[in-house]
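Structure first, commentary second.
Bear in mind these aren't lab numbers, they're just calculated from the coordinates by the rules spelled out. Keep in mind that what you see is a predicted model, and the values were worked out from it rather than measured. Note that each Cβ is placed from the backbone with ideal geometry, even for glycine, and that neighbours are counted across all protein chains shown.
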Amino acid sequence: MNIARLLARTAATYPALPALAYGKKIVANYREFADQAAGLAGALRGRLGLNPGDRVALIMKNHPEYWIALFAVWRAGLVAVPVNAKLHLNEFRYILENCGSRLVFATAELAAELASLAKELPTLETILSVEDAAYQALKQEPALPLQDVDGDDLAWLFYTSGTTGKPKGAMLSHRNLLAATLSYFADVTSHDPGDCIIHAAPQTHGSGLYGLPLIAKGGIQVTPESGGFDPAETLGLIAHYPNSCFFFAPTMVHRLISSPAFDGADTRNLKVIVYGGGPMYEADIRRAIAALGPRFVQIYGQGESPMTITGLTMAMIRDEQHPRRSEILASVGVERTDVEVRVVDANDNPVPVGEVGEVVVRGDVVMKGYWQNAEATEETLRGGWLHTGDMGCFDEEGFLTLKDRSKDMIISGGTNIYPREIEEALLTHPGVAEISVVGRYHPDWGEEVVAFVVPREGAALTPETLDRHCTEQIARFKRPKEYIFIDELPKNNYGKVLKTELRERLKR
Ligand code: AMP
């Protein structure tokens, strides 16, 4: 099934319902959305001469046209390559060359920035600004019928965030995207016409994937006018749109509730914040629940298994009576309905409950492999299981707790130390706003533990108070040997803390 069918189906049933919004303004209903996508699909296969399977990159800051371009690409049987708009020109060049994209849809500023690449990259024929009249005219071309595709055909090349090495293109098929969408309905939430998703996080990543269930059910895609996350603007949109939903990185949840605009804001319209993509510490989720009520769902996934490995449902997050509430809030929840998840040792044998190993997953949602990278595909999908590179352990009830990515683990004196545990402990100190723990080379021990701490405003923190706080909770050998106070943690464009950069700082 072509995933673009989701739009065709909803447009037939609810043509007059609002579909796309820019800030508080509705810019297209479902009939208009579907007609424009069908016209643009006609232009892609006709005037622009693209053939089934050709790659089309979308390099756009969050914008309503993203949805029209994305569905046009799918309707036409082409492959979408959504690229994070905040990347550097060199990274755009790498991705465009790697995927051999013939066409780029870009927002105006980015189209200008990308112009130089058209001369350098032989496969890249056209860069279209979605804010130009020429693009608008393409949407008026004769409509192309929904193209038949095989479920295994490629729909989305999802470039990994590349926190280590060059980004790789995870090949997601139409079936993978459908599986992710159905799994959302099974485990995350349900929707009715008129619900909305507010894209404060990049549409090219998790927030965009969560546009699909809303399109399936006649909901609204709301793009903030800022094109991103501004807490005051986000709160204004929540007050405006009933049943508003979000996908947030955990750091965004923290920023929203710490914003001065949060005091007195009307958040009654908020239906759910789905958080994931990085660790949510227990102390932070407790603060968030106290501020907004238990309107949260957690997901753990990765580009290679989009948004779908394990999850904490709203019911689990609400369950204050659970005897192990702390552990559950600090976990990433249970296996999602449509996948199998295991924790394995270095030889790929499952380890007993309670033991740490690598998290592996299989199911219909798991990617087909990496684009033109047979070696990485074979390594990552060996034995038919996706090897996530994340370390974790299951408990008796099936809750998975992530430790760290294998490369972030600290080995000191031959003992494995998981930074996450130390971070969890230190974050319970009221003076700590954010924290990241990494290993530093030590001639005797191999590595030693160092903590980078962002203090809360006005907090008078000293290494001694933090050391005491830490040793009250966890074993002495795990405590940081040094605390480094900084104003902010280095993060990538998805809000993930760059531990590689912190480790680099320690080498200087
Ligand atoms: P990406 O493919 O860029 O979405 O990155 C996926 C990685 O982010 C995973 O392999 C995990 O290391 C991390 N991640 C995703 N969701 C969570 C979560 N809920 N808690 C902790 N880490 C997460």
Determine, for each peptide in 314-322, 197-205, the mean count of other beta carbons within 10 angstrom over its residues, then list the peptides with the highest first.
-> 197-205, 314-322
Percent of all alpha-carbon pairs of region 346-445 at distances over 24 Å, whole number, is 39 percent
antiparallel share of DSSP beta bridges within the chain, to nearest 5, in %, is 60 percent
Taking the Cα centre of region 411-507 as origin, work out the dipole magnitude from +1 charges on Lys and Arg Cβ and -1 charges on Asp and Glu Cβ, in debye rounded to 20.
-> 220 debye
Per the helix-only calculation at 222 nm, which mean residue ellipticity applies to the chain, given -39500 (n - 2.57) for every DSSP H run of n ≥ 4 and division by its residues, nearest 500 deg cm²/dmol?
-> -9000 deg cm²/dmol
With an 8 Å cut-off on Cα pairs and a minimum separation of 6 or more residues, tell me the relative contact order of region 411-507 in percent.
-> 28 percent
Which of the pairs Lys368/Lys407; Lys403/Lys481; Lys61/Lys217; Lys86/Lys499; Lys168/Lys478 have their Cα atoms more than 27 Å apart in this structure?
-> Lys168/Lys478
Dipole magnitude of the chain about its Cα centre, charges +1 at Lys/Arg Cβ and -1 at Asp/Glu Cβ only, in debye to the nearest 20?
-> 680 debye
Using the alpha carbon gyration tensor of region 23-115, what are the three equivalent-ellipsoid semi-axes (square root of 5 times each eigenvalue), largest first, in whole Å?
-> 22, 18, 9
Note down the relative contact order for region 61-192 as a percent, whole number, built from C-alpha pairs under 8 angstrom at least six residues apart.
-> 24 percent
Enter the per residue convex hull volume of the chain, computed from alpha-carbon coordinates, in Å³ rounded to the nearest integer.
-> 151 Å³
P(r) of region 411-507 over all Cα-Cα pairs, 10 Å bins starting at 0, rounded to whole percent, reads 16, 50, 30, 4
Relative contact order [Cα under 8 Å, 6+ residues apart], region 5-390, whole percent = 14 percent
By average C-beta atoms within 10 angstrom, highest first, the peptides 118-130, 276-288, 345-357, 231-243 = 276-288, 231-243, 118-130, 345-357
